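The structure appears below as structure tokens.
The values are calculated or read from the model by the stated rules, or taken from the named source; none is laboratory data. Keep in mind it's a predicted model, so treat the numbers as computed, not measured. With ideal geometry, Cβ positions are generated from the backbone for all residues, glycine too; neighbour counts draw on all protein chains shown.
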Amino acid sequence: MRRLNSALVALLFASAVAPTAFAQNAPLSPPVAKIVPRLDTLHGDVLVDNYAWLRDDARTRADVIGYLNAENAFTEAKSASLAPLREKLFAEFMGRIKQTDLQVPERDGPFLYYTRTVEGKQYSIFARKRGTERAREEILLDRNERAGADKYYATGATEVSPDHRLLAVLEDRSGAEHFVLRVKDIATGRWLADSIPETTYGVEWANDNRTLFYTRFDSAKRADRIFRHRLGDAASQDVLVATEPDPLFSVNLGKSHSGRYLFITHGSFTSSEVKYLDAATPDAPWRVVEPRTPNLEYEVEHHGDRFFITTNADGATNFKVVTAPVSNPVKANWRDWLAVRSDVQVETMLPFRDHLVVFERANALRRVRIVNAARGTVHYLTFPESVYTARLGGNREFDTSILRYAYTSLVTPNSVYDHDMTTRANTLRKQDEVVGGYDKRKYATERAWARASDGTLVPMSIVYRKPFVRDGTRPALLYAYGSYGANTDPSFSIVRLSLLDRGVVYAIAHIRGGQEMGRKWYDDGKMLKKKNTFTDFVAAAEHLLAQRYTSRDRLAINGGSAGGLLMGAVTNMRPDLFKAVVADVPFVDVINTMLDASIPLTAGEWLQWGNPKDAADYRYMKSYSPYDNVTATRYPAMLVTTGLNDPRVAYWEPAKWVAKLRATKTDDNVLLLKTNMGAGHGGSSGRYDALREQAFRYAFILDQIGANTLTP
């Protein structure tokens, strides 16, 4: 999915907007992209794409690389005066973060597993101890050593074998998400000869501790095949156990929390089919739970002699939970266990030996329902704040009464709890430390509701530093995503304090396209209803102005990936409404991308955006596609980021968009394109490098909205 979560920005309590550093003369002029018209026709329209030449699938053409480098040079020169602010922000980030830190260990059998960080090192270390936290540490994976001299290093999975002797790792060294599967013998520290390139997310162990299942992708980077690999065998001998020829579907690997069954899910955005296999018999044939049916979605977990299935079957728009016998789990044998409710969405469920945990969502908040498996009694976790986020923590063990969960809010640092599902007692295991001290009483969070153009009430989560007077003088940053049913839950950010302490009001708009208000919230923000996402965001911005949280000359907005599409669409719709825009890895060339099934993600996403080969879909998509709707008008100041190796939103989308904006817009507001020439969709992989990228964004926004001074 074209997904990225990124938040940002800041300010000061003054009413006047300070002159921006970007108003100064820069030593460079912006690069001028050559115009090479490409003409296509579709549904009677003539499509003109003057910047199609910027597409380079190999990412090696000299003219393209030269143009991107020129844009980077212009961005660096134009923002040079902000270097002191960037360094100050970076120092603030580093001064608050506990650089040498330890994750709360997770018990799995005889071991406690955890990750830790070391000051000065870019990457985390995966380790374990036997028995107690006082035992000797075994380092399973030091990502710093594995990265070596490579500028990019990321792991797509780290899976320990059931007998705790082996570690399977997916490694990516470019950001293109092409992984190499490697296996390490933990006792000896030796990496086995097994090395399987061109894999993607998804690897699971069978319970024989010598068989692995892994996932591969097609030319469009769609996960379409799953193989069985026996340690010591050549990859050429691996057995294909699942394939998916339908471009609307992809395959995904999973394992039941009980550890008993392996699952393969063939899924599209509207349909799914799950196959299962006893993990003790990896060579046996896979069985189907229920063959795929249009608009039937389901996912499977295991408990005792039953499968627990979360599904939208029989009109359960908000999903329900049914059970079926493992011996014959076809739909005819499904029996309701948790019925559908119109005001509560079932998100997922996690079974333990004696308890069944259901994560639900109601009124834009997460709820955690805990059921005693034998008695059927129910209780819910309780939370101290009205606007919060609760997430599933690391729960490696099935045979335990302890539920690990994380709690946070916009003012409460991430807190890890153990909940005894039998006694109902909560134990705080750790709350993230803010080095130098943090007083949450200096900040306030609240829930607001904006009224969309069709009358729908859109929830917003807002945080600011106190005291706060709504007089329109505060600067503000409004963030949203709003696609794929992904929720943007309010959580704490140590780096965001640099914004709040400069007076910035930070707001999240929980717009349609997510599922904060249930499944219909998602359905009403995709396909031929996608523009609800954009009008909801505009309504949220107008609410901030009408309620005098800020003013339009101090309002910045930010979104990434599909949220970058949001940034492009609302900036075309209402360029007068915003002072500054940060669009990270933005999906903006909707028509051209969705016409080309060779581009990663395209075909499957016809069920998200529509297929422009269909006339009705085409007309609707063209009415909002940011690249196709650039007009000769005044635009806000804009910073656009991308990564050369991005497999989710190709670099040429933002590059073309910026080139067209430069040639078309009528203002002299700053427009910057910043390309990471050695990373992909998520930016730099190292934690310090990522903080520097965040400092760059923050400095741009703070300068534009006049919020450069810390509050006393």
Next item on the list: Just give me the residues in the stretch 394-416 being touching a residue at least 24 places away in the same chain (Cβ under 8 Å) and within 19 Å of Tyr113 (Cβ to Cβ), in sequence order.
Entry: Gly394, Asn395, Arg396, Glu397, Phe398, Asp399, Thr400, Leu403, Arg404, Tyr405, Asn414, Val416
Next item on the list: Considering (1) in contact with a helix residue (DSSP H, G or I) (Cβ under 8 Å, 6 or more places away or on another chain); (2) crowded, with 17+ Cβ neighbours inside 10 Å; (3) of a type in the set (A, V, I, L, M); (4) closer than 20 Å to Ala73 by Cα, say which one Leu702 fails and leave the rest.
Entry: (4)
Check: Which condition breaks for Asp150 when tested against (1) closer than 23 Å to Phe111 by Cβ; (2) acidic (Asp, Glu); (3) within 29 Å of the chain's Cα centre (by Cα)?
Finding: (1)
Check: Yes or no: Gly518 in contact with a Ser or Thr (Cβ under 7 Å, 6 or more places away or on another chain) and either touching a residue at least 60 places away in the same chain (Cβ under 8 Å) or over 24 Å from Ser415 (Cα atoms) (or both)?
Finding: no
Check: Within the set of pairs 6+ apart or on separate chains, which have a first residue in the stretch 430-451 that is charged (D, E, K, R), a second that is exposed (fewer than 15 other Cβ atoms within 10 Å of the Cβ) and in a strand (DSSP E or B), and C-beta atoms under 7 Å apart?
Finding: Arg451/Leu457
Margin query: Suppose we filter the stretch 330-359 for residues that are small (Gly, Ala, Ser) and either surrounded by 18 or more Cβ atoms within 10 Å (Cβ to Cβ) or part of a loop (DSSP other than H, G, I, E, B) (or both); how many remain?
Written below: 2
Next item on the list: May I ask you to list pairs of residues, at least six apart or on different chains, whose Cβ atoms are under 7 Å apart, with the first in the stretch 693-704 being in contact (Cβ under 8 Å) with a residue 12 or more places away in the chain and the second being charged (D, E, K, R) and part of a helix (DSSP H, G or I)?
Entry: Ala695/Arg86; Phe696/Arg86; Ala699/Arg86
Notebook entry, point to check: Going by the structure shown, is Leu102 aliphatic (A, V, I, L, M), buried (at least 16 other Cβ atoms within 10 Å of the Cβ), outside the structural domain of Arg182 (by TED's automatic domain parsing) and within 25 Å of the chain's Cα centre (by Cα)?
Noted result: no
Checklist line | Out of Arg146, Arg130, sole residue that is under 28 Å from Gly643 (Cα atoms) and not hydrophobic (A, V, I, L, M, F, W, C) | finding: Arg146
Next item on the list: Scan the stretch 403-457 for residues that are among the aliphatic types (A, V, I, L, M) and surrounded by 15 or more Cβ atoms within 10 Å (Cβ to Cβ) and jot them down.
Entry: Leu403, Ala406, Leu410, Val411, Val416, Met421, Val434, Ala444, Ala448, Ala450, Ala452
Item checked: Residues (over 13 Å from Ser623 (Cα atoms) and not acidic (Asp, Glu)) located in the stretch 533-544 -> Thr533, Thr535, Phe537, Val538, Ala539, Ala540, Ala541, His543, Leu544
Check: Looking at Glu177, Glu159, Glu171, which is the one that is of a type in the set (Asp, Glu), at positive phi and assigned by TED's automatic domain parsing to the domain that holds Ser258?
Finding: Glu177
Check: among the aliphatic types (A, V, I, L, M), over 23 Å from Val649 (Cβ atoms) and in contact with an Asp or Glu (Cβ under 9 Å, 6 or more places away or on another chain): does that describe Leu167?
Finding: yes
Next item on the list: Would you please list the contacts, defined by Cβ atoms under 7 Å and residues six or more apart or on different chains, that run from a residue in the stretch 177-193 that is within 12 Å of Leu231 (Cβ to Cβ) to a residue that is of a type in the set (Gly, Ala, Ser)?
Entry: Leu181/Ala168; Arg182/Ser195; Val183/Ala168
Next item on the list: Hey, could you check the stretch 658-705 for residues that are β-branched (Val, Ile, Thr) and closer than 24 Å to Ala33 by Cβ and say which is nearest to the chain's Cα centre (by Cα)?
Entry: Thr675
Margin query: I'm checking my understanding of the structure. Among residues of the stretch 487-534 that are in contact with an Asp or Glu (Cβ under 7 Å, 6 or more places away or on another chain) and not in a strand (DSSP E or B), which one is surrounded by the fewest Cβ atoms within 10 Å (Cβ to Cβ)?
Written below: Asn487
Next item on the list: Show the residue pairs that are 6+ apart or on different chains and have beta-carbon atoms under 8 Å apart, the first residue being within the stretch 672-685 and closer than 11 Å to Glu177 by Cα, the second being modelled with pLDDT under 95.
Entry: His681/Leu4; Gly682/Leu4
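Conditions (1) in a strand (DSSP E or B); (2) at pLDDT 95 or above; (3) in the same structural domain as Leu248 (by TED's automatic domain parsing), marked per residue:
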{"position": "Val581", "(1), (2), (3)": "yes, yes, no"}
{"position": "Val588", "(1), (2), (3)": "no, yes, no"}
{"position": "Leu601", "(1), (2), (3)": "no, no, no"}
{"position": "Gln608", "(1), (2), (3)": "no, yes, no"}
{"position": "Asn611", "(1), (2), (3)": "no, yes, no"}
{"position": "Arg619", "(1), (2), (3)": "no, yes, no"}
{"position": "Tyr624", "(1), (2), (3)": "no, yes, no"}
{"position": "Val640", "(1), (2), (3)": "yes, yes, no"}
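The rows are residues; the columns are (1) within 30 Å of Pro475 (Cβ to Cβ); (2) touching a Ser or Thr at 6+ places or on another chain (Cβ under 6 Å).
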site	(1), (2)
Asn572	yes, no
Leu601	no, no
Leu607	no, yes
Asp614	no, no
Thr641	yes, no
Check: Looking at the stretch 495-538, which of its residues are over 21 Å from Tyr484 (Cβ atoms), hydrophobic (A, V, I, L, M, F, W, C) and touching a Lys or Arg at 6+ places or on another chain (Cβ under 8 Å)?
Finding: Val495, Leu497, Leu500, Val504, Val505
Notebook entry, point to check: When you go through Arg441, Arg447 one by one, which is the residue that is outside any strand (DSSP E or B) and not assigned by TED's automatic domain parsing to the domain that holds Glu360?
Noted result: Arg441
Notebook entry, point to check: Quick check: anything in the stretch 548-555 touching a residue at least 24 places away in the same chain (Cβ under 8 Å) and within 23 Å of Leu392 (Cα to Cα)?
Noted result: no
Check: Which one of the conditions (1) of a type outside the set (Asp, Glu); (2) within 19 Å of the chain's Cα centre (by Cα); (3) surrounded by fewer than 24 Cβ atoms within 10 Å (Cβ to Cβ) does Gly563 fail to meet, given that it meets all the rest?
Finding: (3)
